[in-house]
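*Asks:* Please find one structure pasted underneath; my questions will follow.
The values are calculated or read from the model by the stated rules, or taken from the named source; none is laboratory data. From a predicted model like this one, the values you see are computed outputs, not experimental measurements. So basically every Cβ, Gly included, is an ideal-geometry build from the backbone, and we count neighbours across all protein chains shown. What goes into the accessible areas is simple: the full protein's heavy atoms, side chains included, and nothing from ligands, DNA or RNA. Shrake-Rupley method; radii C 1.70, N 1.55, O 1.52, S 1.80 Å.
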Amino acid sequence: MRTTIQGEEISTPICIAPTGFHCLAWPDGEMSTARAAQAAGICYITSTYASCSLEDIVATAPGGLRWFQLYVHPNRQLNKQLIQKVESLGFKALVITVDAPKIGNRRHNITNQVNLMKNLLLKDLGSPEKGNLMPYLQMSPIDSSICWDDLSWFQSITRLPIILKGILTKEDAELAVKHNVHGIIVSNHGGRQLDEVPASIDALTEVVAAVKGKIEVYLDGGIRTGNDVLKALALGAKCVFLGRPILWGLAYKGEHGVEEVLNILKNEFHTSMTLTDGNQLQCERQTRRTPMRPPLTPQF
């Protein structure tokens, strides 16, 4: 069940997607998530919107495989400062989210009058000039002008492999290859950005076909069982990333809850692999040993 992503070995192709504000689910927040990922031997993508500092996340799980997810800020200096910081802290890849030039119309948040941000600060998006922390609503602009040509600037300031998160079409997959990125996460942002976009699993096949094996393709969104993991891999994903299930485990029992979620899916995936292989072998044996029977004559 082991595999590699960007040259780093993981124990199973089930990793943790970037989600924000883990301290809402558990007091230790992203530190608990990072410890669970390290214990499981998998990759954890830390969000720009982490509620723990990057230094604390690294310190609590120093041996873990970490990637960093970036929402591109209009302030180029702030982006550069943050990327250099994660590189110095030992993060192994930069994941740029490309499906959020602005925040989608999230009706559930409006209906439920969700205002998470009043008492939350983002620890790693301080002003480069002042070094202070900025409340989310003051710092949150995402650069809506980012385009393919901007990738060369990111490539010029970091040696980290660049992964694009939020690709759903053949055309964008081909452009990703053309611009020399190292990987794609097929994702519809958990269905939270634009209603009625394709499910990630439905977009996966054309993206995999478009890249022609030149870069690695991953998937997030909708993974709930080991069978889901197997389907994604069978359709060409190198691994899957989990979003909501990790937060559910975290809210239940902190890092031990996250470990339980990962173990459930890992065990289910192992069972799915075993039974799929067993069924195939059984079909092969039947084909070799059992002659085809003539169809039964219907009786009236």
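*Asks:* Go through region 216-229 and give me each residue that's in a loop (DSSP other than H, G, I, E, B) and β-branched (Val, Ile, Thr).
*Replies:* The answer is 223, 225.
*Asks:* Here is a follow-up. On the basis of being open to solvent by 30 Å² or more (accessible area, probe 1.4 Å) and under 17 Å from the mean Cα position of the chain (by Cα), does residue 92 make the cut?
*Replies:* yes
*Asks:* Any residue in region 80-96 that's over 15 Å from residue 49 (Cβ atoms): show its pairings with residues that are aromatic (Phe, Trp, Tyr) at Cβ separation under 7 Å, as long as the two are six or more apart or on different chains.
*Replies:* Listed by first residue and then by second, the contacts come to 91/67; 91/68; 92/67; 93/67; 94/68.
*Asks:* In addition: I'd like to know if region 29-52 contains one or more residues that are basic (Lys, Arg) and out of contact with any helix residue (DSSP H, G or I) (no Cβ under 6 Å at 6 or more places or on another chain).
*Replies:* Looking for residues that are basic (Lys, Arg) and out of contact with any helix residue (DSSP H, G or I) (no Cβ under 6 Å at 6 or more places or on another chain), one finds none in region 29-52, hence no.
*Asks:* Any idea which of 184, 201, 246 is of a type in the set (Val, Ile, Thr) and farther than 23 Å from residue 8 by Cα?
*Replies:* 201
*Asks:* Another one. Can you pull out every residue in region 169-196 that is surrounded by fewer than 22 Cβ atoms within 10 Å (Cβ to Cβ), farther than 21 Å from residue 44 by Cα and at pLDDT 90 or above?
*Replies:* Matches in region 169-196: 169, 170, 171, 172, 174, 175, 177, 178, 179, 180.
*Asks:* Also, I was wondering about something else. Looking at 210, 199, which is the one that is at pLDDT 95 or above, aliphatic (A, V, I, L, M), more than 12 Å from the chain's Cα centre (by Cα) and open to solvent by 10 Å² or more (accessible area, probe 1.4 Å)?
*Replies:* Among 210, 199, only 210 is at pLDDT 95 or above, aliphatic (A, V, I, L, M), more than 12 Å from the chain's Cα centre (by Cα) and open to solvent by 10 Å² or more (accessible area, probe 1.4 Å).
*Asks:* Tally time: how many residues in region 139-155 are modelled with pLDDT of 95 or more and either part of a loop (DSSP other than H, G, I, E, B) or in contact with a Gly (Cβ under 8 Å, 6 or more places away or on another chain) (or both)?
*Replies:* Qualifying residue count, region 139-155: 0.
To keep it simple, each residue is scored yes or no on (1) open to solvent by less than 60 Å² (accessible area, probe 1.4 Å); (2) assigned to a helix (DSSP H, G or I); (3) not basic (Lys, Arg).
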position: 214; (1), (2), (3): no, no, no
position: 231; (1), (2), (3): no, yes, no
position: 255; (1), (2), (3): yes, yes, yes
position: 258; (1), (2), (3): yes, yes, yes
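*Asks:* Still on this structure, I have one more. Which ones in region 164-201 are in contact with a Gly (Cβ under 9 Å, 6 or more places away or on another chain), over 12 Å from residue 218 (Cβ atoms) and assigned to a loop (DSSP other than H, G, I, E, B)?
*Replies:* Result: 188, 192, 193, 194, 195, 197, 199.
Every residue, every condition in (1) open to solvent by 10 Å² or more (accessible area, probe 1.4 Å); (2) in a helix (DSSP H, G or I); (3) of a type outside the set (Ser, Thr, Tyr), yes or no:
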site	(1), (2), (3)
18	yes, no, yes
23	yes, yes, yes
27	yes, no, yes
34	no, yes, yes
37	no, yes, yes
49	yes, no, no
59	yes, yes, yes
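*Asks:* Condition first: out of contact with any Gly (no Cβ under 6 Å at 6 or more places or on another chain), at pLDDT 95 or above and of a type in the set (Gly, Ala, Ser). Can you find one or more residues in region 43-53 that meet it?
*Replies:* no
*Asks:* So, in region 217-229, of the ones that are in contact with a Ser or Thr (Cβ under 7 Å, 6 or more places away or on another chain) and either farther than 17 Å from residue 176 by Cβ or of a type in the set (Lys, Arg) (or both), which residue ends up surrounded by the fewest Cβ atoms within 10 Å (Cβ to Cβ)?
*Replies:* Filtering first and then ranking leaves 227.
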